[in-house]
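> Quick one: structure below, then a few questions.
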Amino acid sequence: MTPSSRSHEPIAGVILAGGQGRRFGGVDKALLDLDGRPLLAHVVDRFAPQVAPLFLSANGDPARFAAFEVEVVADPFAEPAGPLAGVAAAGLRLREMRPEIDLLATVAVDTPHLPTDLVARLAEALAAAPDARVAIAASQGRSHPVAALHRLDGLDDLVAGLADGSIRRVMRWVEARGLVTVSFEGECGDPFLNLNRPEDLAALRRS
């Protein structure tokens, strides 16, 4: 099933992998091994069927991701600007290649248990809330603003705010845009469990 068949509008996606992985000793989290495969492979498997086109937000040499056949977009800013820089990078690239697409879904590269209906449910909620410009996921009482669906009519404001430093925090940005939240509860724990420390990855390998 294609993204356009689940909603009235086409939906692009970006996997956010621009972090520096300091807690993993500077190792690229996207390429960490989980069950014999890179973390990125698990996320692509779950996310790619839900969106088109799909981008990977990552800095450095894009050749290290060649095997995944996903277009890599680098942060368009001189200084690190956090996850929203990936939203801006993918949005700018989308404007070049598919300007008719106004919806961009985002997920983090270290969330290998993403729901396979994430985008469809966020799109349904966003369509039902005409005053909202962003839909985000929540689970176990916590909001996950990186697992989100953005309308791109605020892209120019986002780029300008990231460039001058007036925008940094994801939650503050999505709340300012107008927000709707969708609750997801996984049968086997938190579907948005992310890997912030080596211990998190070790625990996931044992589960």
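> Given the residues Val44, Val72, Val27, which is the only one that is β-branched (Val, Ile, Thr) and modelled with pLDDT under 90? Spell out the reasoning first.
Values: Val44 fails: modelled with pLDDT under 90; Val72 fails: modelled with pLDDT under 90.
Of the residues listed, the single one that is β-branched (Val, Ile, Thr) and modelled with pLDDT under 90 is Val27.
> Just give me the residues in segment 125-179 being of a type in the set (Ser, Thr, Tyr) and without any contact (Cβ under 8 Å) to a residue 40 or more places away in the chain, in sequence order. Outline the logic, then answer.
The first filter runs over segment 125-179 and keeps only residues of a type in the set (Ser, Thr, Tyr), leaving 139, 143, 166.
Correct list: Ser143, Ser166.
> Across segment 63-81, which residue is surrounded by the most Cβ atoms within 10 Å (Cβ to Cβ) among those that are aromatic (Phe, Trp, Tyr) and free of Cβ contacts under 8 Å to residues at least 60 places away in the same chain? It would help to see each step written out before you state the result.
Within segment 63-81, the subset aromatic (Phe, Trp, Tyr) is 65, 68, 77.
Subset that is free of Cβ contacts under 8 Å to residues at least 60 places away in the same chain: 65, 68.
Working: Phe65: 21, Phe68: 18.
Going through the qualifying residues, I end up with Phe65.
> Considering only segment 105-120, state which residues are farther than 18 Å from Val14 by Cβ and either in contact with a Ser or Thr (Cβ under 7 Å, 6 or more places away or on another chain) or modelled with pLDDT of 95 or more (or both).
Going residue by residue through segment 105-120, those that are farther than 18 Å from Val14 by Cβ are 113, 117.
Residue satisfying the conditions is Asp117 alone.
> Being at pLDDT below 80, buried (at least 17 other Cβ atoms within 10 Å of the Cβ) and part of a helix (DSSP H, G or I) is true for just one of Leu195, Leu204. Which residue is that?
On the way: Leu195 fails: part of a helix (DSSP H, G or I).
The conditions single out Leu204.
> State all residues of segment 26-82 that are out of contact with any helix residue (DSSP H, G or I) (no Cβ under 6 Å at 6 or more places or on another chain), closer than 21 Å to Pro99 by Cβ and either in a helix (DSSP H, G or I) or β-branched (Val, Ile, Thr) (or both); if no residue qualifies, say none.
Val70, the sole residue that qualifies.
The values are calculated or read from the model by the stated rules, or taken from the named source; none is laboratory data. What you see is a predicted model, and the numbers here were worked out from it, not measured in a lab. Reconstructed Cβ throughout: ideal geometry from the backbone, glycine too, with neighbour counts over all protein chains shown.
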